[in-house]
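**Student:** My questions will all concern the structure given below.
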Amino acid sequence: GKKISGDVRDEVKIGVEDLVANHGVRPGLAVVLVGSRKDSQSYVRNKKKMAAEVGFHSVDVTLPEDVTQEALLAEVEKLNADSAVHAILVQLPLPSHIDESAVLAAIKVCKDADGFSALNIGNLCLKGGDPPMAVPCTPAGCIELLQRSGVQVSGKDAVVLGRSNIVGMPVAALLQSMNATVTVCHSRTKDLKAKVQQADILVAALGKAEMVRGDWLKPGCVVIDVGINPVEDATKKLGHRLVGDVCTEEARKVASLITPVPGGVGPMTIAMLLKNTLQLARLSLGLPRERLRASPSFNVVSADDPSSKKLTSVK
(Lines give C-alpha, C1' and ligand atoms only; values in the text may rest on other atoms or scores of the structure.)
Protein backbone atom coordinates (compact mmCIF):
# COMPACT_ATOMS: atom_id res chain seq x y z
CA GLY A 1 0.00 0.00 0.00
CA LYS A 2 2.71 2.48 0.95
CA LYS A 3 4.78 1.72 -2.16
CA ILE A 4 1.86 1.92 -4.59
CA SER A 5 0.36 5.00 -2.92
CA GLY A 6 3.77 6.66 -3.23
CA ASP A 7 3.77 5.88 -6.95
CA VAL A 8 0.30 7.43 -7.34
CA ARG A 9 1.35 10.56 -5.42
CA ASP A 10 4.44 10.92 -7.64
CA GLU A 11 2.22 10.73 -10.72
CA VAL A 12 -0.14 13.35 -9.26
CA LYS A 13 2.79 15.66 -8.53
CA ILE A 14 3.91 15.42 -12.16
CA GLY A 15 0.33 16.17 -13.25
CA VAL A 16 0.23 19.24 -10.99
CA GLU A 17 3.51 20.54 -12.41
CA ASP A 18 2.11 20.10 -15.92
CA LEU A 19 -1.09 22.04 -15.14
CA VAL A 20 0.85 24.88 -13.54
CA ALA A 21 3.43 25.08 -16.34
CA ASN A 22 1.10 24.71 -19.32
CA HIS A 23 -2.22 26.10 -18.08
CA GLY A 24 -1.35 28.36 -15.15
CA VAL A 25 -3.67 26.45 -12.83
CA ARG A 26 -2.80 24.87 -9.49
CA PRO A 27 -5.32 22.22 -8.29
CA GLY A 28 -7.13 23.37 -5.15
CA LEU A 29 -8.43 21.06 -2.42
CA ALA A 30 -10.69 22.29 0.38
CA VAL A 31 -11.18 20.14 3.50
CA VAL A 32 -14.01 20.86 5.93
CA LEU A 33 -13.60 19.47 9.46
CA VAL A 34 -16.41 19.69 12.00
CA GLY A 35 -15.73 18.98 15.68
CA SER A 36 -12.71 17.53 17.44
CA ARG A 37 -12.77 13.77 16.82
CA LYS A 38 -9.19 12.55 17.14
CA ASP A 39 -9.46 10.12 14.22
CA SER A 40 -10.94 12.77 11.92
CA GLN A 41 -8.26 15.27 12.95
CA SER A 42 -5.58 12.68 12.19
CA TYR A 43 -7.05 11.91 8.76
CA VAL A 44 -7.25 15.61 7.91
CA ARG A 45 -3.65 16.22 9.01
CA ASN A 46 -2.45 13.41 6.74
CA LYS A 47 -4.49 14.73 3.83
CA LYS A 48 -3.12 18.25 4.27
CA LYS A 49 0.44 16.92 4.43
CA MET A 50 0.06 14.89 1.24
CA ALA A 51 -1.68 17.76 -0.56
CA ALA A 52 1.26 20.04 0.24
CA GLU A 53 3.75 17.44 -0.99
CA VAL A 54 2.14 17.24 -4.45
CA GLY A 55 1.84 21.02 -4.75
CA PHE A 56 -1.90 21.63 -4.26
CA HIS A 57 -3.47 24.89 -3.18
CA SER A 58 -5.13 23.98 0.15
CA VAL A 59 -8.08 25.54 1.94
CA ASP A 60 -8.92 24.45 5.49
CA VAL A 61 -12.29 25.07 7.10
CA THR A 62 -12.52 24.02 10.76
CA LEU A 63 -15.87 24.38 12.53
CA PRO A 64 -16.98 23.66 16.11
CA GLU A 65 -18.90 20.52 17.10
CA ASP A 66 -22.09 22.54 17.69
CA VAL A 67 -22.07 24.36 14.34
CA THR A 68 -25.54 24.67 12.85
CA GLN A 69 -26.38 22.92 9.62
CA GLU A 70 -27.15 26.29 8.05
CA ALA A 71 -23.69 27.62 8.94
CA LEU A 72 -22.01 24.49 7.57
CA LEU A 73 -23.98 24.70 4.32
CA ALA A 74 -22.99 28.37 4.02
CA GLU A 75 -19.31 27.38 4.22
CA VAL A 76 -19.82 24.73 1.52
CA GLU A 77 -21.48 27.33 -0.70
CA LYS A 78 -18.49 29.67 -0.30
CA LEU A 79 -16.21 26.87 -1.46
CA ASN A 80 -18.53 26.09 -4.38
CA ALA A 81 -18.11 29.69 -5.50
CA ASP A 82 -14.31 29.79 -5.07
CA SER A 83 -12.69 29.35 -8.48
CA ALA A 84 -9.37 28.39 -6.85
CA VAL A 85 -11.01 25.33 -5.27
CA HIS A 86 -11.49 22.39 -7.62
CA ALA A 87 -12.37 19.74 -5.04
CA ILE A 88 -14.26 19.85 -1.73
CA LEU A 89 -14.06 17.17 0.94
CA VAL A 90 -16.28 17.22 4.04
CA GLN A 91 -14.69 14.91 6.61
CA LEU A 92 -17.15 12.27 7.81
CA PRO A 93 -18.75 11.40 10.14
CA LEU A 94 -20.49 14.65 10.98
CA PRO A 95 -22.12 15.35 14.38
CA SER A 96 -25.51 13.68 14.86
CA HIS A 97 -27.51 16.92 14.53
CA ILE A 98 -26.20 17.45 10.99
CA ASP A 99 -27.87 15.83 7.98
CA GLU A 100 -24.86 14.33 6.19
CA SER A 101 -26.75 13.62 2.98
CA ALA A 102 -27.91 17.24 2.72
CA VAL A 103 -24.36 18.51 3.21
CA LEU A 104 -22.89 16.15 0.63
CA ALA A 105 -25.67 17.03 -1.82
CA ALA A 106 -24.77 20.71 -1.46
CA ILE A 107 -21.30 20.13 -2.93
CA LYS A 108 -21.19 20.87 -6.66
CA VAL A 109 -20.76 17.65 -8.64
CA CYS A 110 -17.80 19.20 -10.44
CA LYS A 111 -16.10 19.65 -7.03
CA ASP A 112 -17.12 16.32 -5.46
CA ALA A 113 -13.70 15.11 -4.25
CA ASP A 114 -15.10 11.94 -2.68
CA GLY A 115 -17.20 10.92 -5.69
CA PHE A 116 -20.23 10.39 -3.43
CA SER A 117 -22.78 12.49 -5.34
CA ALA A 118 -25.78 10.67 -6.80
CA LEU A 119 -24.67 11.61 -10.32
CA ASN A 120 -21.14 10.28 -9.84
CA ILE A 121 -22.35 7.04 -8.23
CA GLY A 122 -25.02 6.60 -10.92
CA ASN A 123 -22.51 7.04 -13.73
CA LEU A 124 -20.11 4.67 -11.96
CA CYS A 125 -22.74 1.92 -11.86
CA LEU A 126 -24.23 2.36 -15.34
CA LYS A 127 -23.05 0.35 -18.31
CA GLY A 128 -22.09 2.81 -21.00
CA GLY A 129 -22.88 6.50 -20.77
CA ASP A 130 -20.77 9.17 -19.15
CA PRO A 131 -17.98 8.23 -16.71
CA PRO A 132 -18.05 9.68 -13.19
CA MET A 133 -16.11 12.90 -12.62
CA ALA A 134 -14.59 11.29 -9.52
CA VAL A 135 -14.56 7.73 -8.15
CA PRO A 136 -14.95 7.12 -4.37
CA CYS A 137 -11.45 7.15 -2.95
CA THR A 138 -11.25 3.88 -0.99
CA PRO A 139 -12.85 1.72 -3.74
CA ALA A 140 -10.59 3.39 -6.32
CA GLY A 141 -7.61 2.63 -4.09
CA CYS A 142 -8.62 -1.02 -3.91
CA ILE A 143 -8.74 -1.22 -7.71
CA GLU A 144 -5.35 0.47 -8.05
CA LEU A 145 -3.86 -2.03 -5.59
CA LEU A 146 -5.21 -4.96 -7.60
CA GLN A 147 -4.14 -3.56 -10.97
CA ARG A 148 -0.67 -2.45 -9.94
CA SER A 149 -0.04 -5.75 -8.17
CA GLY A 150 -0.81 -7.65 -11.37
CA VAL A 151 -3.92 -9.38 -10.03
CA GLN A 152 -6.17 -10.85 -12.72
CA VAL A 153 -9.76 -9.78 -11.99
CA SER A 154 -11.71 -10.78 -15.10
CA GLY A 155 -13.45 -14.12 -14.64
CA LYS A 156 -12.57 -14.35 -10.93
CA ASP A 157 -14.96 -14.80 -8.01
CA ALA A 158 -14.89 -11.68 -5.82
CA VAL A 159 -16.56 -11.37 -2.44
CA VAL A 160 -17.20 -7.96 -0.87
CA LEU A 161 -17.92 -7.91 2.86
CA GLY A 162 -20.03 -4.83 3.55
CA ARG A 163 -22.50 -2.82 1.48
CA SER A 164 -21.83 0.76 2.58
CA ASN A 165 -22.16 3.70 0.21
CA ILE A 166 -18.54 4.58 0.95
CA VAL A 167 -16.83 1.24 0.18
CA GLY A 168 -18.94 -1.87 -0.36
CA MET A 169 -21.39 -0.70 -2.98
CA PRO A 170 -18.97 1.20 -5.25
CA VAL A 171 -16.16 -1.37 -5.03
CA ALA A 172 -18.63 -4.12 -5.96
CA ALA A 173 -19.68 -2.08 -9.02
CA LEU A 174 -16.06 -1.52 -10.05
CA LEU A 175 -15.17 -5.20 -9.69
CA GLN A 176 -18.21 -6.18 -11.73
CA SER A 177 -17.20 -3.70 -14.43
CA MET A 178 -13.86 -5.52 -14.54
CA ASN A 179 -15.75 -8.74 -15.33
CA ALA A 180 -15.43 -10.34 -11.90
CA THR A 181 -18.37 -12.34 -10.58
CA VAL A 182 -19.24 -10.42 -7.43
CA THR A 183 -21.00 -11.52 -4.25
CA VAL A 184 -21.85 -8.82 -1.69
CA CYS A 185 -22.20 -10.06 1.88
CA HIS A 186 -23.57 -8.13 4.87
CA SER A 187 -24.99 -8.50 8.37
CA ARG A 188 -27.96 -10.58 7.17
CA THR A 189 -25.94 -12.95 4.98
CA LYS A 190 -26.35 -16.62 5.91
CA ASP A 191 -23.40 -19.03 6.00
CA LEU A 192 -20.92 -16.19 5.58
CA LYS A 193 -17.85 -18.36 6.00
CA ALA A 194 -18.83 -20.64 3.12
CA LYS A 195 -19.35 -17.68 0.80
CA VAL A 196 -15.98 -16.16 1.71
CA GLN A 197 -14.29 -19.51 1.05
CA GLN A 198 -15.32 -19.20 -2.62
CA ALA A 199 -13.49 -15.90 -3.10
CA ASP A 200 -10.50 -15.53 -5.40
CA ILE A 201 -10.54 -11.87 -4.35
CA LEU A 202 -11.85 -10.73 -0.97
CA VAL A 203 -12.55 -7.09 -0.07
CA ALA A 204 -13.31 -6.90 3.66
CA ALA A 205 -15.07 -3.71 4.76
CA LEU A 206 -17.35 -4.67 7.63
CA GLY A 207 -15.64 -2.88 10.50
CA LYS A 208 -15.35 -5.96 12.75
CA ALA A 209 -11.92 -6.66 14.17
CA GLU A 210 -10.27 -9.81 12.77
CA MET A 211 -13.63 -11.43 12.03
CA VAL A 212 -12.32 -13.24 8.94
CA ARG A 213 -10.07 -16.10 10.04
CA GLY A 214 -7.50 -18.07 8.08
CA ASP A 215 -9.79 -21.07 7.58
CA TRP A 216 -12.36 -18.79 5.90
CA LEU A 217 -10.00 -18.18 2.99
CA LYS A 218 -9.47 -20.00 -0.29
CA PRO A 219 -5.80 -20.98 -0.70
CA GLY A 220 -4.02 -18.48 -2.95
CA CYS A 221 -6.71 -15.81 -2.72
CA VAL A 222 -6.04 -12.06 -2.72
CA VAL A 223 -7.23 -10.10 0.34
CA ILE A 224 -7.91 -6.35 0.41
CA ASP A 225 -8.51 -5.48 4.08
CA VAL A 226 -10.28 -2.13 4.37
CA GLY A 227 -11.05 -2.45 8.10
CA ILE A 228 -9.33 -0.27 10.69
CA ASN A 229 -10.32 -1.38 14.18
CA PRO A 230 -8.73 -0.56 17.57
CA VAL A 231 -8.15 -3.50 19.92
CA GLU A 232 -6.78 -3.30 23.45
CA ASP A 233 -3.04 -3.84 23.74
CA ALA A 234 -1.32 -2.91 27.00
CA THR A 235 2.10 -3.05 25.31
CA LYS A 236 1.25 -0.03 23.15
CA LYS A 237 1.69 3.56 24.25
CA LEU A 238 -1.95 4.41 23.54
CA GLY A 239 -3.21 1.16 25.06
CA HIS A 240 -4.44 -0.20 21.75
CA ARG A 241 -3.31 -1.25 18.29
CA LEU A 242 -5.06 -1.18 14.93
CA VAL A 243 -6.16 -4.36 13.17
CA GLY A 244 -8.22 -5.07 10.07
CA ASP A 245 -11.34 -7.11 9.48
CA VAL A 246 -9.12 -10.08 8.61
CA CYS A 247 -6.81 -11.89 11.01
CA THR A 248 -3.57 -11.07 9.19
CA GLU A 249 -1.40 -13.58 11.03
CA GLU A 250 -3.62 -16.47 9.95
CA ALA A 251 -4.42 -15.07 6.50
CA ARG A 252 -0.76 -14.76 5.51
CA LYS A 253 -0.47 -18.53 5.67
CA VAL A 254 -3.28 -18.96 3.13
CA ALA A 255 -3.56 -15.89 0.89
CA SER A 256 -1.16 -15.11 -1.97
CA LEU A 257 -1.44 -11.36 -1.31
CA ILE A 258 -2.89 -9.35 1.59
CA THR A 259 -2.87 -5.66 2.43
CA PRO A 260 -1.44 -4.75 5.85
CA VAL A 261 -3.35 -2.81 8.51
CA PRO A 262 -2.31 -0.09 8.97
CA GLY A 263 -0.35 0.90 5.88
CA GLY A 264 -2.38 -0.78 3.15
CA VAL A 265 -5.68 0.67 1.99
CA GLY A 266 -5.37 3.79 4.17
CA PRO A 267 -2.50 5.43 2.25
CA MET A 268 -4.22 4.49 -1.02
CA THR A 269 -7.41 6.29 0.01
CA ILE A 270 -5.50 9.55 0.48
CA ALA A 271 -3.57 9.01 -2.76
CA MET A 272 -6.83 8.58 -4.67
CA LEU A 273 -8.23 11.76 -3.09
CA LEU A 274 -5.24 13.57 -4.56
CA LYS A 275 -5.82 11.89 -7.91
CA ASN A 276 -9.51 12.92 -7.85
CA THR A 277 -8.53 16.52 -7.10
CA LEU A 278 -6.15 16.59 -10.06
CA GLN A 279 -8.85 15.00 -12.21
CA LEU A 280 -11.42 17.65 -11.25
CA ALA A 281 -8.91 20.44 -11.95
CA ARG A 282 -8.28 18.96 -15.40
CA LEU A 283 -11.99 18.69 -16.12
CA SER A 284 -12.48 22.34 -15.11
CA LEU A 285 -10.11 23.24 -17.96
CA GLY A 286 -11.85 20.97 -20.45
CA LEU A 287 -8.94 18.53 -20.48
CA PRO A 288 -9.61 14.80 -20.92
CA ARG A 289 -10.09 12.72 -17.79
CA GLU A 290 -7.59 10.04 -16.83
CA ARG A 291 -9.18 6.63 -16.57
CA LEU A 292 -8.98 4.65 -13.33
CA ARG A 293 -9.26 1.29 -14.99
CA ALA A 294 -6.43 -0.18 -17.03
CA SER A 295 -8.83 -1.32 -19.77
CA PRO A 296 -12.39 -0.49 -20.82
CA SER A 297 -14.96 -1.94 -18.47
CA PHE A 298 -17.39 -4.71 -19.40
CA ASN A 299 -17.00 -6.26 -22.85
CA VAL A 300 -15.96 -4.40 -25.98
CA VAL A 301 -15.99 -5.25 -29.66
CA SER A 302 -12.74 -6.83 -30.81
CA ALA A 303 -11.36 -7.55 -34.26
CA ASP A 304 -11.32 -11.25 -33.41
CA ASP A 305 -14.99 -11.24 -32.35
CA PRO A 306 -16.93 -8.51 -34.18
CA SER A 307 -20.22 -10.02 -32.98
CA SER A 308 -19.32 -9.41 -29.34
CA LYS A 309 -21.58 -7.01 -27.45
CA LYS A 310 -20.28 -3.46 -27.24
CA LEU A 311 -20.56 -1.89 -23.79
CA THR A 312 -17.97 0.83 -23.58
CA SER A 313 -18.37 2.41 -20.18
CA VAL A 314 -14.91 3.64 -19.19
CA LYS A 315 -14.50 4.24 -15.47
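**Student:** Rounded, prolate or oblate: pick one for the stretch 95-150, where a ≥ b ≥ c are the square roots of the eigenvalues of its C-alpha gyration tensor, a/c under 1.5 means rounded, and failing that, prolate if a/b is larger than b/c, else oblate.
**Tutor:** The shape class here is oblate.
**Student:** Looking only at the chain, where both bridge partners belong to it, what percent of the DSSP beta bridges are antiparallel (to the nearest 5)?
**Tutor:** Of all bridge pairs located within the chain, approximately 10 percent are antiparallel.
**Student:** What Rg and what Dmax come out for the stretch 97-241 when only alpha-carbon atoms are used, in angstroms?
**Tutor:** 16.8, 53
**Student:** Ok, one more. Considering only protein heavy atoms, with the full assembly of protein chains and a 1.4 angstrom probe, order SER154, SER96, SER117 by accessible area, largest first.
**Tutor:** Result, largest first: SER96, SER154, SER117.
**Student:** Between ASN46 and GLU17, what length in nm is gained on full extension when 0.36 nm per residue of separation is reduced by their alpha carbon distance? Please report the intermediate quantities before stating the final value.
**Tutor:** Values: separation 29, 0.36 × 29 = 10.44 nm, distance 2.13 nm.
That pair, ASN46 and GLU17, stretches by 8.3 nm at full extension.
**Student:** Another question, if that's okay. Can you list the trypsin sites (Lys or Arg not before Pro) in the stretch 124-203 that are in a DSSP coil and have 14 or fewer other beta carbons within 10 angstrom?
**Tutor:** For trypsin sites (Lys or Arg not before Pro) across the stretch 124-203 that sit outside H, G, I, E and B with at most 14 neighbouring Cβ atoms in 10 Å, the list reads LYS127, ARG188, LYS190.
**Student:** Evaluated at 20 °C with a viscosity of 1.002 mPa s, what Stokes-Einstein diffusion coefficient in µm²/s does the chain have when Rh comes from the Kirkwood expression over alpha-carbon pairs? Before the final figure, lay out the partial values.
**Tutor:** Numbers: Rh = 20.4 Å.
Calculated translational D: 105 µm²/s.
**Student:** Residue by residue through the stretch 262-269, what is 3J(HN,Hα) from phi via Karplus (6.51 cos²θ - 1.76 cosθ + 1.60, θ = phi - 60°)? Round to whole Hz and write x for glycine and proline.
**Tutor:** Working through the residues one at a time gives x, x, x, 6, x, x, 5, 4 Hz.
**Student:** Right, something else. Could you pull the accessible area for ASP82 with a 1.4 Å probe, rounded to 10 Å²?
**Tutor:** 50 Å²
**Student:** For the stretch 18-166, give the magnitude of the charge dipole about the Cα centre (Cβ charges: +1 Lys/Arg, -1 Asp/Glu; no others), in debye to the nearest 20.
**Tutor:** 500 debye
**Student:** How do the peptides 100-111, 257-268, 13-24 rank, highest first, by the average count of neighbouring beta carbon atoms within 10 Å per residue? Mind dumping the intermediate values first?
**Tutor:** Values: 100-111: 16.9, 257-268: 21.4, 13-24: 14.1.
Peptide ranking by packing, descending: 257-268, 100-111, 13-24.
**Student:** Classify the stretch 163-224 as rounded, prolate or oblate from the Cα gyration tensor: take a ≥ b ≥ c as the square roots of its eigenvalues, call it rounded if a/c is under 1.5, otherwise prolate when a/b beats b/c and oblate if not.
**Tutor:** Note, shape of the stretch 163-224 comes out oblate.
**Student:** Grab the DSSP H runs of the chain that are 4 residues or longer, score each as -39,500 (n - 2.57), total them, divide by all residues and round the 222 nm result to the nearest 500 deg cm²/dmol.
**Tutor:** -11500 deg cm²/dmol
**Student:** Just to verify a number: what accessible area does ILE143 come out at with the full protein assembly present, 1.4 Å probe, Å² rounded to tens?
**Tutor:** Using a 1.4 Å probe on the heavy atoms, I get roughly 0 Å².
**Student:** Once you have a ≥ b ≥ c as the square roots of the Cα gyration tensor eigenvalues for the stretch 1-89, tell me rounded if a/c is under 1.5, and otherwise prolate or oblate according to whether a/b is larger than b/c.
**Tutor:** Oblate, because a/c is 1.5 or more while a/b does not exceed b/c.
**Student:** Ordering GLU53, GLU232, GLU75, GLU249 from largest to smallest accessible area (1.4 angstrom probe), what's the sequence?
**Tutor:** GLU232, GLU249, GLU53, GLU75
**Student:** Could you order PHE56, PHE116 so the one with the most accessible surface comes first? Probe is 1.4 Å.
**Tutor:** Numbers: PHE56 20, PHE116 50 Å².
Heavy-atom accessible area, descending, gives PHE116, PHE56.
**Student:** Between HIS97, ALA74, ALA87, whose Cα lies farthest towards the positive end of the dipole of the stretch 62-120 when Lys and Arg beta carbons carry +1 and Asp and Glu beta carbons carry -1, centred on the Cα centre?
**Tutor:** Final value for the positive-end residue is ALA87.
**Student:** Here's a follow-up. With +1 assigned to the C-beta of every Lys and Arg and -1 to the C-beta of every Asp and Glu, and no other charges, what is the dipole magnitude of the chain about the Cα centre in debye, to the nearest 20?
**Tutor:** Here the chain has a charge dipole of around 600 debye.
**Student:** Here's something else I'd like to know. Quick one: compute the contact order of the chain, relative version, from alpha carbon pairs under 8 angstrom and 6+ residues apart, as a percent.
**Tutor:** With pairs under 8 Å counted, the relative contact order is 18 percent.
**Student:** At a probe radius of 1.4 Å, what is the per-residue accessible area of HIS240, in Å² to the nearest 10?
**Tutor:** About 70 Å², rounded to the nearest 10.
The values are calculated or read from the model by the stated rules, or taken from the named source; none is laboratory data. Just so it is clear, the model here is predicted, and its values are computed rather than measured. Please note: Cβ atoms are built from the backbone with ideal geometry, for glycine as well, and neighbour counts cover all protein chains shown. Note: areas computed on protein heavy atoms with side chains; ligands, DNA, RNA excluded. Shrake-Rupley method; radii C 1.70, N 1.55, O 1.52, S 1.80 Å.
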